[in-house]
Amino acid sequence: REMFDLYLEPFRVAFQEAHAKGTMASYNDYDGIPIISSKYFLTEILRKQFGFDGYVVSDSHALEDLYTKHFVAADLNDAARMALEAGLNVRTNFSTPLYYINAIRFGVKNGTIPISLVDERVKEVLRVKFWMGLFDHPYVENPKAADKTVHSKEAQELSLRAARESIVLLKNENNLLPINNKEKIKTVAIIGPNAKEYKSLTSRYAPVYPDIIKVYDGIAAELPNTKILYAKGCEHVDKNFPLSDIEDFDLTKEETDLINEAVDVASKSDMVFLVVGDGEKTIGEGKSRLNLKLPGRQDDLVKKIAELNKPTVMILVNGRPATINYANRHIPAIIESWYLGETTGKAIADVIFGNYNPGGKLSVPFIKHVGQIPLSFPMKSSADGNGDANVSGFIYPFGFGLSYTTFQYNNLKINTDNYKSKGKVEISFTIKNTGKIKGDEVVQLYIHDEVCSVTTYEKHLRGFDRITLSPNEQKIVRFDLTANDFSILNKDMQRVVEPGWFTIMIGASSENICLNSKFELK
């Protein structure tokens, strides 16, 4: 149920509602069966349940994994047969393009692979090619048109908008941000391993790396008349990484000197920007961690800077939540930026100096300690056995994010009149900007099935919308919930809607519920 409700649901939407025509089979196994050789996943679920009529490609060496990693196949020929039977159409390791083809030829010649099976897999690929019109128009008519589209002015503006809207303001003690009096700041310190970082912010899949505005450059551009001091403070990781994720090691002289240099720079400044997070060795495909703390000596750097009691803004440039308990207690302002693309520095500076009011919300919660895992969201009421993991809670919950303005929620209405005829439950409420500046609020709708034949989640996200409001402006927000939103997989794994009472919760985060009401589906 968890697999269908949480992990496969985005794929179902992509195939059934967006009609995606291509997908990749991953390396992993499910219940002992590698996905690449699982007829249950690639045929029963994908094609029969989800109605997928496209093609399936392998994730790089997933085919070879059947006999080199999972050991469920004797050799390449055996693996090719298993994958073909499961539903694999294309192998995507281009270094040996005929690898899969020759193994299939071998199977056909030896009678282990029927030609009818090959026909079926080829037909699935040809269907997409016909659908795309590749046999009528196999070539791009005007390839130079790409030069006008790629990195066009419109594309750059969209990139900046996406970057701004992705930023999440996690903490803003005493309204330190935005900085409206930058002309009065004489000296600032920009510190941290991500302040001038460039390489790890680029996409490794791109054939040409874009020019990225570094965080340092973005902030400096807003402070033309301010003296700017810089110190790296520490590297992304220490020499003992990844063992240092689970063992304590004494600081080396070089590490101590780097931190002391940063402290010296910060002590001479009116304000500090501390830019920390992930680097090439800690984030990316296959880059697992043993801990969720800031890697290397970054926690030591954060503590030393916090002890100065300077107005400090910590900027996270990272790809996963971090257990930043100390920073949350002692750093007055914290920004989560994730990876923002080529406009990284400008987007962050726009938020810091009030050119843009942040409205992003967390799509994943921040836990306080790695030992709390599997504490996550959504959760079932009995999921942790009333243990410490749930009692201690999150640093920042799912859906959390601050703004420079305030919002008020009112007038929740639930209309079930059209449920029987149109399959819709209509939800509406009013939201108002009660602050002094324009801002975005990502409103969130959660539901809870009060009594159910199987266990369900305490809060299940069923809708969200980004609303932009000027001061004192208000809007009516509407959501239409369908039967699928109220459905469960029952004891027989059939998707049904059970009659009964449901609670609708409207809020600014999963833990900041502003409106709620119960209603009955009969």
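The values are calculated or read from the model by the stated rules, or taken from the named source; none is laboratory data. Note that the coordinates shown come from a computational prediction; the quantities given were computed from them, not determined experimentally. Ideal geometry is used to build each Cβ from the backbone, glycine not excepted, and the neighbour counts take in all protein chains shown. Only protein heavy atoms, including side chains, enter the accessible area calculation; ligands, DNA and RNA are left aside. Shrake-Rupley method; radii C 1.70, N 1.55, O 1.52, S 1.80 Å.
Assorted remarks:
- Among the residues listed as PHE11, PHE15, the single one being open to solvent by less than 60 Å² (accessible area, probe 1.4 Å), in contact with a Phe, Trp or Tyr (Cβ under 9 Å, 6 or more places away or on another chain), outside any loop (DSSP other than H, G, I, E, B) and of a type in the set (Phe, Trp, Tyr): PHE15
Matching residues to (1) closer than 30 Å to VAL276 by Cα; (2) open to solvent by less than 40 Å² (accessible area, probe 1.4 Å); (3) modelled with pLDDT of 95 or more:
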{"site": "LEU98", "(1), (2), (3)": "no, no, no"}
{"site": "LEU126", "(1), (2), (3)": "no, no, yes"}
{"site": "SER152", "(1), (2), (3)": "no, yes, no"}
{"site": "ILE190", "(1), (2), (3)": "yes, yes, yes"}
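- Given (1) touching a Pro at 6+ places or on another chain (Cβ under 9 Å); (2) open to solvent by 70 Å² or more (accessible area, probe 1.4 Å); (3) among the hydroxyl-bearing types (Ser, Thr, Tyr), number of the condition THR282 does not satisfy: (2)
- Taking the conditions (1) open to solvent by 10 Å² or more (accessible area, probe 1.4 Å); (2) touching a residue at least 24 places away in the same chain (Cβ under 8 Å); (3) under 24 Å from the mean Cα position of the chain (by Cα) in turn, ALA383 satisfies each one other than (2).
- Long-range neighbours under 8 Å by Cβ, at least six apart or interchain, first residue more than 25 Å from PHE398 (Cβ to Cβ) and modelled with pLDDT of 95 or more within the range 155-176, second open to solvent by less than 30 Å² (accessible area, probe 1.4 Å) and of a type in the set (S, T, N, Q): LEU160/THR343
- Pairs, first among the aliphatic types (A, V, I, L, M) in the range 58-82, second surrounded by fewer than 21 Cβ atoms within 10 Å (Cβ to Cβ) and in a loop (DSSP other than H, G, I, E, B), C-beta under 6 Å, six or more apart: ALA62/TYR27; LEU66/VAL72
- Hits in the range 153-188 - residues which are farther than 21 Å from TYR339 by Cα, out of contact with any strand residue (DSSP E or B) (no Cβ under 8 Å at 6 or more places or on another chain) and among the polar types (S, T, N, Q): ASN174, ASN175, ASN180, ASN181
- Count of residues meeting criterion [in a loop (DSSP other than H, G, I, E, B) and farther than 29 Å from GLY284 by Cβ] in the range 209-249: 5
- Verdict on SER58 being more than 23 Å from VAL496 (Cβ to Cβ), surrounded by fewer than 17 Cβ atoms within 10 Å (Cβ to Cβ) and within 28 Å of the chain's Cα centre (by Cα): no
- Pairs linking a residue in the range 116-145 that is more than 15 Å from ASN89 (Cβ to Cβ) to a residue that is assigned to a helix (DSSP H, G or I), with Cβ atoms under 7 Å and 6 or more positions apart or on different chains, are PHE135/LYS129.
- Lone unmet requirement of (1) open to solvent by 80 Å² or more (accessible area, probe 1.4 Å); (2) of a type outside the set (Lys, Arg); (3) assigned to a helix (DSSP H, G or I); (4) within 20 Å of ASN28 (Cα to Cα) for ALA74: (3)
- Filtering SER200, SER244 for residues that are within 25 Å of ALA349 (Cα to Cα) and crowded, with 18+ Cβ neighbours inside 10 Å leaves a single hit, SER200.
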